[in-house]
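One structure is given here, and the rest of the page talks about it.
Readers should treat all values here as calculations from the given coordinates under stated rules, not as data from a laboratory. Nothing here was measured: the structure is a model prediction, and the numbers come from that model. Cβ placement follows ideal geometry from the backbone for every residue including glycine, while neighbour counts extend to all protein chains displayed.
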Amino acid sequence: MSSCQNHKHCINDALESAHKICIDRKLRLTTLREQVLRLIWQSHQPLGAYDLLDMLAHESSRRVAPPTVYRALEFLLDVGLIHRINSLNAYIGCPSPSTEHPSYFLICTQCKTASECNSSNLSLHIESLGKEQGFMIQKQWLEVLGLCQECQEENQKESDGQSPSETNPS
């Protein structure tokens, strides 16, 4: 579901943006914050804090306590480098951290990938609905659960009686 075809390039772009934003805002991107950001970008799947703790334990001989990871996540959220996907209690990298924007996510319930979508039409419609109700919107995000194209195709092949390995001969 992710449009990124080269994860290393994606990760490098995210880290480069993070460094630039932190320099511009006179913020400190510590080694741990950078590690957490790198891990979040590696899979393009939302990761929970304890998933990150496990991954950090494999990368380092130094034990990292949960509050430390939560502080790193809070920093990355505050700066806009990541988003929190509330329905999954997990985090995903933000592809456009230099601009504040509403967060809309398509989340596959089968493979757990998530992609961020930008829609000015949807944003305007939500703002209009809020105004109609006399409601001042302070922040908006939307999480849509369903099946990504790859999982739909895989499910269709399985329902047609083909195993996934039959369709991709080596």
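Each of L27, L147, G161 was scored by the projection of its Cα onto the charge dipole of the chain, and the greatest displacement toward the positive side belongs to L27; charges sit on the C-beta of Lys, Arg, Asp and Glu. Within the range 61-167, the chymotrypsin sites (Phe, Trp or Tyr not before Pro) that combine a DSSP coil assignment with at most 10 other C-beta atoms in a 10 angstrom radius are F135. Report, in listed order, any pair from K112/K157; K8/K157; K20/K139; K26/K139 with a Cα-Cα distance greater than 29 Å. From K112/K157; K8/K157; K20/K139; K26/K139, over 29 Å: K8/K157. Computed over neighbours whose Cβ is under 14 Å from that of R84, the net charge equals -4, Lys and Arg +1, Asp and Glu -1. Computed per residue of the chain from DSSP H runs no shorter than four, each worth -39500 (n - 2.57), the mean residue ellipticity at 222 nm is -15500 deg cm²/dmol. Only one of the listed values, (i) 30, 21, 12; (ii) 29, 26, 15; (iii) 43, 18, 13, was derived from the coordinates as semi-axes √(5λ) of the Cα gyration tensor in Å; which label is it? The value computed from this structure is option (ii).
Less than 14 Å Cβ to Cβ from L27, Lys/Arg counted +1 and Asp/Glu -1: what total charge do the surrounding residues give?
Working: positive: K20, R25, K26, R28, R33, R71; negative: D24, E34, E74, D78.
Computed value for this residue: +2.
Positive-end ranking of L76, S128, S115 along the dipole of the range 7-167, with charges on Cβ about the Cα centre, is headed by L76. Under a model in which nothing but the beta-carbon of Lys, Arg (+1) and Asp, Glu (-1) is charged, the chain shows a dipole of about 900 debye around its Cα centre.
If you take the square roots of the eigenvalues of the alpha-carbon gyration tensor of the range 1-78 and sort them as a ≥ b ≥ c, do you get rounded (a/c under 1.5), prolate (a/b over b/c) or oblate? Oblate.
May I ask you to list the trypsin sites (Lys or Arg not before Pro) in the range 102-162 that are in a DSSP loop and have at most 11 other Cβ atoms within 10 Å of their Cβ?
Here the trypsin sites (Lys or Arg not before Pro) that fit, given the DSSP loop and packing criteria, are K139.
Across all directions, the average projected area of the convex hull around the alpha carbons of the range 44-132 is 7.3 nm².
Report relative contact order for the chain in percent, whole number only (criteria: Cα-Cα under 8 Å, sequence separation at least 6). Could the numbers behind the result be given before it?
Working: 190 pairs, mean separation 34.3, N = 170.
Here the relative contact order equals 20 percent.
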